[in-house]
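K.L.:
Sharing a structure with you now.
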Amino acid sequence: MTLSLNIWHYSIRIVRYNCLTRRRFITIFIVMLGGQRNMVQVFSNGAAATTAALGYLLFAPPGSDGSEALSFQQLNGDGVLAVACMAALAGCCGDTWASEFGILQGSNLPRHILTWRAVPAGTNGGVSFVGTVCSILGGLIVGVAFFFGMSVEHLRTGDFPTLAVTAWPAIPLGALAGFVCSLVDSILGATLQYSGLDRAKNCVVNQPGPNIQHISGRDILDNHAVNFLSSLITAVLIAMATYFVFRETVDMPSQHDYMDDIVGGVY
């Protein structure tokens, strides 16, 4: 999980572009170690993953090395929480890549996810082909990092071939999380986050005001709230999908197990 977190934190970020130009020329600053984040940004992007990680630590069996979380043939409850943590991080990474790299589509304007009309770059709810592909790639790289990060013990003991057979779903789940989080973020942004065009500066703003032309959305959520809800919803959806797809193998105590424990305790 730590490796997945580092991949998300240190992913290449395009931190700002010049919205004052009238020719849509973009000034790109690529920062390999990520831009500065304040406390609210860290919380909104990391709260869902942190909650799932704490749940994993609390409910993991005593003496567990964590390898059970990647064995989808013997998936248990704490394994689902581990997948939820990975999904939240993969979703944040995918959404970040979609937002930052999506502006590189050139002269092709993004499309509003609900109306499918062309909107200015930077509009909440705007989607593009490049951004969608990048959301999948961003989630995929976190899924790969999660796969290898949880495989350290198996690599040391030489049991990696067995793990690869049972743990490979973590990689496509990461890619799916990146796509889902970007999709949820776009829907929330298109409906509950304000987007307007400041004609004086020729750029998109997130607050209504004088000389601001409304593009879409209502002024209900800010970007931090959208990020938090997107990662949370993604974590829940991917965890639920993992449970239902692999529910035949989820290790859940049966009624007979409880009866055996009771009888064993009595005698």
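K.L.:
Within the stretch 107-127, which residues are assigned to a loop (DSSP other than H, G, I, E, B) and within 19 Å of residue 198 (Cβ to Cβ)?
P.N.:
Correct list: 109, 110, 119, 120, 121, 122, 123, 124, 125.
K.L.:
Exactly one of (1) farther than 27 Å from residue 47 by Cβ; (2) open to solvent by less than 70 Å² (accessible area, probe 1.4 Å); (3) modelled with pLDDT of 85 or more is unmet by residue 175. Its number?
P.N.:
It fails just one condition, (1).
K.L.:
Also, I was wondering about something else. Given the structure, is residue 139 assigned to a helix (DSSP H, G or I), crowded, with 18+ Cβ neighbours inside 10 Å, out of contact with any strand residue (DSSP E or B) (no Cβ under 7 Å at 6 or more places or on another chain) and at pLDDT below 80?
P.N.:
On the way: assigned to a helix (DSSP H, G or I): yes; crowded, with 18+ Cβ neighbours inside 10 Å: yes; out of contact with any strand residue (DSSP E or B) (no Cβ under 7 Å at 6 or more places or on another chain): yes; at pLDDT below 80: no.
No.
K.L.:
Among the residues of the stretch 175-223, write down those that are in contact with a helix residue (DSSP H, G or I) (Cβ under 8 Å, 6 or more places away or on another chain), among the charged types (D, E, K, R) and not in a helix (DSSP H, G or I).
P.N.:
Scanning the stretch 175-223 gives a single hit, 218.
K.L.:
Do you know which residues across the stretch 187-198 are over 15 Å from residue 213 (Cα atoms) and in contact with a His (Cβ under 9 Å, 6 or more places away or on another chain)?
P.N.:
Just the residues of the stretch 187-198 that are over 15 Å from residue 213 (Cα atoms), to begin with: 187-192.
Residue satisfying the conditions is 190 alone.
K.L.:
Follow-up. Can you report the number of residues in the stretch 135-150 which are farther than 12 Å from residue 180 by Cα and polar (S, T, N, Q)?
P.N.:
0
K.L.:
Moving on. Which condition from (1) open to solvent by less than 30 Å² (accessible area, probe 1.4 Å); (2) at pLDDT below 90; (3) closer than 30 Å to residue 77 by Cα is the one that residue 198 breaks?
P.N.:
(3)
The values are calculated or read from the model by the stated rules, or taken from the named source; none is laboratory data. Since the model is a prediction, treat every value here as computed from it, not as a measurement. Please note: Cβ atoms are built from the backbone with ideal geometry, for glycine as well, and neighbour counts cover all protein chains shown. For accessibility, only protein heavy atoms count, side chains too; no ligands or nucleic acids. Shrake-Rupley method; radii C 1.70, N 1.55, O 1.52, S 1.80 Å.
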